[in-house]
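Quick notes on the structure that follows.
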Amino acid sequence: MELIIGTKVWSTWSLRPWLALKRTGAPFTETVVQLREVGTSDDVAKVSPSGRVPVLKDGELTIWDSLAICEYLAETFPAAKLWPDDPAARALGRAAVAEMHSSFASLRGECPMDLSLKSEVELSEATHADIRRIVSLWSDLRGRYGAGGPFLLGAWSIADAFFTPVATRFRSYGVRLSDFGDTGVAATYNEALLEQPDFLEWEKAALAG
């Protein structure tokens, strides 16, 4: 397998399937396309039908969407348990991922992922609303499944891959989740994402340049 990704310090969509693929334990080749440089669009167009990264190549198969890659990995490597066995937990996890995949535009726009950044910024009310929703979502799922482990559905899953870039945004922009209704549950989960070994490996490589 080959996973083609964007610059690690910035590329949220690349981080998500990379975490899932690492979790499978399967060997893969990692190819990095440098973003925000002259010629980037041409480089990506050579490897991606959509003109975007990430892209997973598995033999003759090419998959060009983060969520589709993660679901393919879940089906290809069932022993990795990228989704929980419980149908209700799996459905709620997929709902959370779908919401992350399509929503929170204000947070994305005002707080792009930058693993090298540590700051505090004044955020708009639209971004405040996004953060409050994320706090509510995390708190609800942790309340349901917290007994099973430190992650959103207890054990680590694709849902955690999708929210890891959000955790980095909260850290980078000095967001205090207690200001948005968190009683401590969401903050604890946020820290669990940032301490997960595969993410730490990605971050180390990103900051090394």
Can you tell me which residues in segment 111-124 are acidic (Asp, Glu) and open to solvent by less than 70 Å² (accessible area, probe 1.4 Å)? 114
Being at pLDDT 95 or above, of a type outside the set (A, V, I, L, M), in contact with an Asp or Glu (Cβ under 8 Å, 6 or more places away or on another chain) and at negative phi narrows 31, 24, 127, 12 down to just 127
Say whether the condition of being open to solvent by 40 Å² or more (accessible area, probe 1.4 Å) and farther than 19 Å from residue 161 by Cβ is met by at least one residue in segment 65-83. no
Between a residue in segment 1-16 that is without any contact (Cβ under 8 Å) to a residue 24 or more places away in the chain and any residue that is part of a loop (DSSP other than H, G, I, E, B) and open to solvent by less than 10 Å² (accessible area, probe 1.4 Å), which pairs come within a Cβ distance under 6 Å, given they are 6 or more apart or on different chains? none
Matching residues in segment 188-204 - criterion: being surrounded by 14 or more Cβ atoms within 10 Å (Cβ to Cβ) and farther than 24 Å from residue 137 by Cα: 202, 203
Please go through segment 146-176 and give me each residue that is surrounded by fewer than 17 Cβ atoms within 10 Å (Cβ to Cβ), over 16 Å from the mean Cα position of the chain (by Cα) and part of a helix (DSSP H, G or I), ordered by number. 147, 148
Single match in 93, 143 (criterion: crowded, with 17+ Cβ neighbours inside 10 Å and either assigned to a helix (DSSP H, G or I) or touching a His at 6+ places or on another chain (Cβ under 6 Å) (or both)): 93
Every residue from segment 125-136 that is touching a helix residue (DSSP H, G or I) at 6+ places or on another chain (Cβ under 6 Å) and open to solvent by less than 70 Å² (accessible area, probe 1.4 Å): 126, 127, 130, 131, 135
Going by what's in this entry, would residue 177 be described as among the hydrophobic types (A, V, I, L, M, F, W, C), under 17 Å from residue 136 (Cβ atoms) and modelled with pLDDT of 95 or more? yes
Check 68, 89, 74, 80 and return the single one that is in contact with a strand residue (DSSP E or B) (Cβ under 9 Å, 6 or more places away or on another chain), among the small types (Gly, Ala, Ser) and closer than 24 Å to residue 2 by Cα. 68
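The values are calculated or read from the model by the stated rules, or taken from the named source; none is laboratory data. Just so it is clear, the model here is predicted, and its values are computed rather than measured. No Cβ is skipped: glycine too gets one built from the backbone with ideal geometry, and neighbour counts run over all protein chains shown. SASA here: full protein model, heavy atoms, side chains in, ligands and nucleic acids out. Shrake-Rupley method; radii C 1.70, N 1.55, O 1.52, S 1.80 Å.
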